[in-house]
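Here's the structure we're looking at; comments come further down.
The values are calculated or read from the model by the stated rules, or taken from the named source; none is laboratory data. In this text the structure is predicted, and so the values were computed from the model without any measurement. Note that we place each Cβ from the backbone using ideal geometry, even for glycine, and neighbour counts take in every protein chain shown. For accessibility, only protein heavy atoms count, side chains too; no ligands or nucleic acids. Shrake-Rupley method; radii C 1.70, N 1.55, O 1.52, S 1.80 Å.
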Amino acid sequence: MANNKVTDQKKAYQSKVMMLLKSDKGGSILIAFLLALAVVVPVCNLMVPESSALYMPTYIVVLLGKYLCFALLALALDLVWGYCGILSLGHAAFFALGGYAMGMYLMRQVGDRGVYGNPELPDFMVFLDWQALPWYWFGFDQFWFAMLMVVVVPGLLAYVFGWLAFRSRVTGVYLSIMTQALTYALLLAFFRNEMGFGGNNGLTDFKDILGFNLQEDLTRVMLFLATVVCLVLSYLACRYIVRSKMGRVVVAVRDAESRVRFLGYRVEHYKLWIFTFSAMLAGIAGALYVPQVGIINPGEFSPLNSIELVVWVALGGRGTLYGAIIGALVVNYAKTYFTGAFPEVWLFALGGLFVVVTLLLPKGIIGLIEKQSGRFSKKRKIKSKDEALPASESKQALQRNQT
Amino acid sequence: MKTLQRIQEVMRRDRVFDFVVAKDPLASPLLDTSHGPILYLEDVSVSFDGFKALNKLTLYIDDGELRCIIGPNGAGKTTMMDVITGKTRPDEGSVYFGQRLNLTRMSEPEIAQAGIGRKFQKPTVFEALSCFENLELAMDLDKRVWPSLTQRLNGEQSDRIDEVLQKIGLLSLRGDPGERLSHGQKQWLEIGMLLMQNPRLLLVDEPVAGMTHQEMDQTAELLTSLAGQHSVVVVEHDMEFVRSIARKVTVLHEGSVLAEGDMDTVANDQKVIEVYLGE
């Protein structure tokens, strides 16, 4: 009889654990929403006639695509910050590097249709009177090579930087400052014409991607769909990592780093791989961003961008993955609205937002929603738990809680 | 002359080099306790900004022994643990685990994987993870990055975790996060994590702080049952607790050993009474 109870209890717990692992309600809703967008947007843009009230103008498609790129970037930051506790203030650098890799491919696709009509060199190189293509531009006329570089370049930078930083156990605010310095250094470097990335103006005037005209509605919708697909796949990949044992080790590192070391884990290796993977995701986000907005310039390396990114994640709620995506969408929508309606107010609103989130909503929007809906279900949970336990055991548990 | 000696040393016929020894996959391959002691601390000194936390400390722990270490505040008990687990590097002296493993040259994870587990003075469990997950992370499985991505517990392994949960009395709190536990429960959870690690040597820093008398008795029982298969080193302030478990006690004072022996001998030692018990 007692044995039976124990196994029943065990089964109940097992199913609970399974449910905990599988239950990602927020994420499921979010993915359903994204997939719905992937159907609604093409239909409303391409199939509905322009005169209809349901017609979605192309600029909105582009705007939504941009938001989703930012959402992917926020997801990448949440993985390192929310789960591993590495507050990177330079994640926009990886985003921009991915963007530059894509920009270089698009630049090479221009061919002899540039202002100067040079079949070999991009316009800015002709302008600078360069005679030949620099070696690091080789290969970027191939789409597959450019796509490879989109993940390899940010990944490699993150790997080298992380290897140096984590091995010497640089943590906390010192690491944040170093990442900030990293993105600032890249900003200054990319501003220089001698670097061969278009200097101040960056790369722009793109014509087409894989042979499709970038100005056409169909191409823009396709880019939007590609962004949705990448975001959903990245979300699932992050979710897989977070649910695996690796995810639990990483959370443990966030909460008690030295304790994890004494359990026999090489903390710096875990940090390094999470950081590198996150940088790769950021690179993909940048590569999707550039063809949609049509330009990449050194301004994307600006430290301010990275800080704004942190605000998105903090507002949405870190350590939940979907919270970061919601945060990015909400803040960017607010930014579009405010900069249109009251342009002078936006920066104050952003600053105020950060203060409010830090003081009142430490767990962000998600935390707020959970708190509201949790009040009811928590009561129910406690009740059912008392019933599930034999009387003596619950008494013991009570005593234990008191001591 | 020196070279000649060195050559003779290398050519000695009774010497067996590490690489010649066949590895036993069951036991920790390099741990050799054939001479008795499992842990050797010899002339270990550590100083922080001129303050000598350890001063030529020499200490041997036998395989399977349960040893209590006592001493007034600042005697160097925690520093000694830090040296053994690789957190602090000694300025001089040698620290060996078995005959061959030089702990001063190993990193914290390497030392942990070689078979030394540690419970901290302040209980540190992973607050965001459930009791079950806390134990899962401590379990002696592959701890490299890539295997951890696909690792799943099989039935036998999760049964083992449940057994330990039963042993430490937290089975009913299996899925609860560590932050909800009381101080005493955290202590127990951390002891459970040590058990999951299955180390050859357990270093336990103040295990009964914040426990009730009943819990203390249970802890004493658990620790004494562990001795034999494992070697256990307990640092504790609570003299009553030490008296209840100790067979051999070492008293530290100002970074070196003041006295060693069974509880009665130590308690009657004049020097010990002066610095510690007499207070």
Subject >> the range B:30-277, relative contact order in percent, only Cα pairs under 8 angstrom and at least six apart counted >> reply: 27 percent
Subject >> Helix axis angle, A:346-360 relative to chain A longest principal axis, alpha carbon, degrees >> reply: 20 degrees
**OP:** With 26 Å as the limit, write out which pairs from A:271/B:119; A:66/A:271; B:52/B:122 have Cα-Cα distances beyond it, or answer none.
**Re:** A:66/A:271
Subject >> Cα centroid of the range A:92-157 to Cα centroid of the range B:169-226, whole Å >> reply: 60 Å
Original post:
Given the alpha-carbon gyration tensor of the protein assembly as shown, what are the semi-axes of its equivalent ellipsoid in whole angstrom, ordered largest first, with each equal to the square root of 5 times an eigenvalue?
Top reply: 56, 33, 22
Subject >> Potential lengthening between residue A:177 and residue A:342 on full extension [0.36 nm per residue; Cα-Cα distance subtracted] >> reply: 56.2 nm
Original post:
Semi-axes of the range B:138-279's equivalent ellipsoid from the Cα gyration tensor, sqrt of 5 times each eigenvalue, largest first, rounded to whole Å?
Top reply: 35, 17, 13
Original post:
What is the diffusion coefficient of the range A:59-343 in µm²/s, taking the Kirkwood radius over Cα pairs and the Stokes-Einstein relation at 25 °C with a viscosity of 0.890 mPa s?
Top reply: 126 µm²/s
Original post:
Can you pull the semi-axes for the range B:30-277, root of five times each eigenvalue of the Cα gyration tensor, sorted largest first, whole Å?
Top reply: 30, 22, 16
Original post:
Can you give the mean number of other chain Cβ atoms that lie within 10 Å of the Cβ atoms in peptide B:128-137?
Top reply: 4
Subject >> Gaussian network model of chain A, Cα within-10 Å springs - most flexible of A:166, A:342, A:275 >> reply: A:342
**OP:** Could you work out the per residue convex hull volume over the alpha carbons of the range B:131-188, in cubic angstrom?
**Re:** 94 Å³
Subject >> 1.4 Å probe accessible area per residue over the range A:194-285, in Å² >> reply: 35 Å²
**OP:** Would you tally the net charge around residue B:119, using a Cβ to Cβ cut-off of less than 9 Å, leaving residue B:119 out, and scoring K and R as +1, D and E as -1?
**Re:** -2
Subject >> Ranking by accessible area, most exposed first, for B:206, A:370, B:156 with a 1.4 Å probe >> reply: B:156, A:370, B:206
Original post:
Accessible surface of residue B:265 in the full protein assembly, 1.4 angstrom probe, to the nearest 10 Å²?
Top reply: 80 Å²
Original post:
Where Lys and Arg each count +1 and Asp and Glu each count -1, what net charge lies around residue A:86 among other residues with Cβ under 9 Å from its Cβ?
Top reply: +2
Original post:
With respect to the cross-link table entries A:245/B:186; A:245/A:363; A:25/B:186; B:56/B:186, which display a Cα-Cα separation exceeding 28 Å?
Top reply: A:25/B:186; B:56/B:186
**OP:** Evaluate peptide B:187-195: per residue, the Cβ atoms of other protein chains within 10 Å of its Cβ; return the mean as an integer.
**Re:** 1
**OP:** Could you work out how far helix A:267-293 tilts from the main Cα principal axis of chain A, as a 0 to 90 degree angle to the nearest 10?
**Re:** 50 degrees
**OP:** Given the peptides A:81-88, B:159-166, arrange them by the average over their residues of other C-beta atoms within 10 Å, most packed first.
**Re:** A:81-88, B:159-166
Original post:
Between the helical axis of A:172-191 and the dominant principal axis of chain A, each derived from Cα atoms, what acute angle in degrees is found, rounded to the nearest 10?
Top reply: 10 degrees
Original post:
What accessible surface, in Å², does a 1.4 Å probe find on residue B:183, ignoring ligands, DNA and RNA and rounding to the nearest 10?
Top reply: 90 Å²
**OP:** Take every residue in peptide B:175-186, count the Cβ atoms of other chains within 10 Å of its Cβ, and give the average of those counts.
**Re:** 2
Original post:
Applying 1/(1 + (r/R0)^6) with R0 = 35 Å to the Cβ-Cβ distance of residue B:102 and residue A:302, what FRET efficiency is obtained, to the nearest 0.05?
Top reply: 0.10
